[in-house]
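Reading through the structure tokens given below for one structure.
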Amino acid sequence: MSMRVLLIGGGGREHALGWKLVQSPRVTEIMSLPGNPGLAQLGSVIEGIEPTDVGAVAAFAKAQQIDLVVVGPEAPLAAGIVDALNSFGVPAFGPTRAAARLESSKTFAKQVMDRASVPTAPWGSFDQPDEAKTFLQAQTAPYVIKADGLAAGKGVLVTEDLAAGEAWIDDCLSGRFGDERVLIEAFLAGPELSIFAVCDGTDAVLLDPARDYKRLRNDDRGPNTGGMGAFSPVDDLPPGIMEFTLDQVVRPVLSAMAEDGSPYIGFLYVGYVLTSEGPSVLEFNCRLGDPETQVVLPRLETDLLDLIEAALAGDIRKSRVDWSPETAVNVVLAAEGYPEAPVTGTRLSRLERAEDVIIFHGGTNYDDAGQVVTSGGRVLSVVAIDRTADDARARCYRAVDKLRWPGMQYRSDIAR
């Protein structure tokens, strides 16, 4: 059956999702809302509707007779976009608003982890600054303090300075991030690992892991970002980590969510820290990650639409997931001033010069003259796929050298 698909979002993750979905022989048309110049090359982009205006999105999808909506970013999910689409009878892949609390409330996620016996850092959640500071003072540095709700990757402070931690508590509880609760947890030491699951409410299949790079500069220096690059597959996985993830993390969490009357259907991100005592879950996200999606999906040989439809039918267990043995490397090109104050409006005029790579658009748009310009912090993902990580990395950086613009930032040590 041919399908018309509406993709919600306009970042690098969504461009990668659209790029993969149009490879399905059953996808006859793809629209994206709001999309970006990269997604515009795959199909029409819809302007004038905010992704978080869930009623308007649902009405548009119904009027356009959309067969499937795939939701990329977290904010529309937290706003209840899947609930709105379901109420209009439009199939949508992603968790409901209640299920999306696994990301939209760090306190809720920790509560579910504890109920499901998922290994995670000891924690406390507070809405009063004095109680939070008393708890913090009893911890050992480095201190980890997180705003409870969605904060676009900017709501976390890790610091050795107790006074800075106390000030961050005040900041979080001031409503700066839209909520008035703060989570404090023990610091987890070790490399991070991203594993994604495709969930049908009771069961799941796992996608190949990826590793991303959070800091702005080489050797993990500089401020935290949304991610400056990634690679997949990961060759230093702990023995049995995939089986552990499915049996000890994902399935117990799905069971707990179903018991609460909020079955989880959609992509689920499991963010690990691989500590010396074993894997510990740092966080859940209710969607695929960015920049990890840009290296996971190019290696996926299975039709992504087949996996989504199996999950929506509650039949994901029977799905087979096949992978390319090659390595994918993603180097993110960021705007001048990122992450604090990215410079926008800079023209990108040499994209066609980058050969033998995939370029996924993130923070891009068109100017009044129809030229592609920077419109956000993480502008482009340059993805190379090759037989080895060294070969993919070399190809990637050859392309990066052809794409420079004034003030462009990137790390030169991705997958090194």
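The values are calculated or read from the model by the stated rules, or taken from the named source; none is laboratory data. Quantities reported herein were computed from a predicted structural model and do not represent experimental measurements. Positions of Cβ are generated from backbone atoms using ideal geometry, with glycine treated the same way; all protein chains shown enter the neighbour counts.
Observations
- Selection within segment 1-22 - closer than 13 Å to D290 by Cβ and part of a strand (DSSP E or B): G9
- Residue in segment 50-57 that is in contact (Cβ under 8 Å) with a residue 60 or more places away in the chain and small (G, A, S) present: no
- When residues of segment 23-44 are limited to those that are in a strand (DSSP E or B) and of a type in the set (S, T, Y), the one nearest to E74 (Cα to Cα): S32
- Meeting the requirement of 1 or more residues that are surrounded by fewer than 23 Cβ atoms within 10 Å (Cβ to Cβ) and out of contact with any helix residue (DSSP H, G or I) (no Cβ under 8 Å at 6 or more places or on another chain), the helices (runs of 4 or more DSSP H) wholly within segment 61-115 are 74-78, 81-87, 106-115.
- For segment 126-168, the set of residues classified as out of contact with any strand residue (DSSP E or B) (no Cβ under 7 Å at 6 or more places or on another chain) and charged (D, E, K, R) consists of D127, D130, E131, K133, K154, E160, D161, E166, listed by residue number.
- Any hit, segment 401-411, residues being in contact (Cβ under 8 Å) with a residue 12 or more places away in the chain, surrounded by 21 or more Cβ atoms within 10 Å (Cβ to Cβ), outside the structural domain of G18 (by TED's automatic domain parsing) and not in a loop (DSSP other than H, G, I, E, B): yes
- Among the candidates N365, N330, residue that is surrounded by fewer than 21 Cβ atoms within 10 Å (Cβ to Cβ) and either assigned by TED's automatic domain parsing to the domain that holds A152 or assigned to a strand (DSSP E or B) (or both): N365
- Residue within segment 171-187 that is in a loop (DSSP other than H, G, I, E, B) and at pLDDT 95 or above present: yes
- Filter result (free of Cβ contacts under 8 Å to residues at least 60 places away in the same chain and among the β-branched types (V, I, T)) within segment 83-98: V90
- In segment 261-299, the qualifying residues are those that are assigned to a strand (DSSP E or B) and over 17 Å from the mean Cα position of the chain (by Cα), and the one that is nearest to S104 (Cα to Cα) is S280.
- Cβ-Cβ under 8 Å pairs, at least 6 apart or on other chains, segment 221-233 side within 13 Å of R13 (Cα to Cα), far side of a type in the set (S, T, N, Q): G229/N330; A230/S194; A230/Q294; A230/N330
- G376 vs. criteria under 23 Å from V71 (Cα atoms), assigned to a loop (DSSP other than H, G, I, E, B) and in the same structural domain as T293 (by TED's automatic domain parsing): no
- Test for T245: is it over 19 Å from P279 (Cα atoms), hydroxyl-bearing (S, T, Y) and not in a strand (DSSP E or B): no
Condition check ((1) assigned by TED's automatic domain parsing to the domain that holds L254; (2) closer than 30 Å to A328 by Cα; (3) aromatic (F, W, Y); (4) in contact with an Asp or Glu (Cβ under 7 Å, 6 or more places away or on another chain)) across all residues:
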| position | (1), (2), (3), (4) |
| --- | --- |
| A164 | no, no, no, no |
| R176 | no, no, no, no |
| L206 | yes, yes, no, no |
| M228 | yes, yes, no, no |
| S232 | yes, yes, no, yes |
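- Matching residues, segment 323-348, being more than 21 Å from A384 (Cβ to Cβ) and not basic (K, R): A335, E336, G337, Y338, P339, E340, A341, P342, V343, T344, G345, T346
- Residues that are surrounded by fewer than 19 Cβ atoms within 10 Å (Cβ to Cβ) and in a helix (DSSP H, G or I), drawn from segment 134-159: T134, F135, Q137
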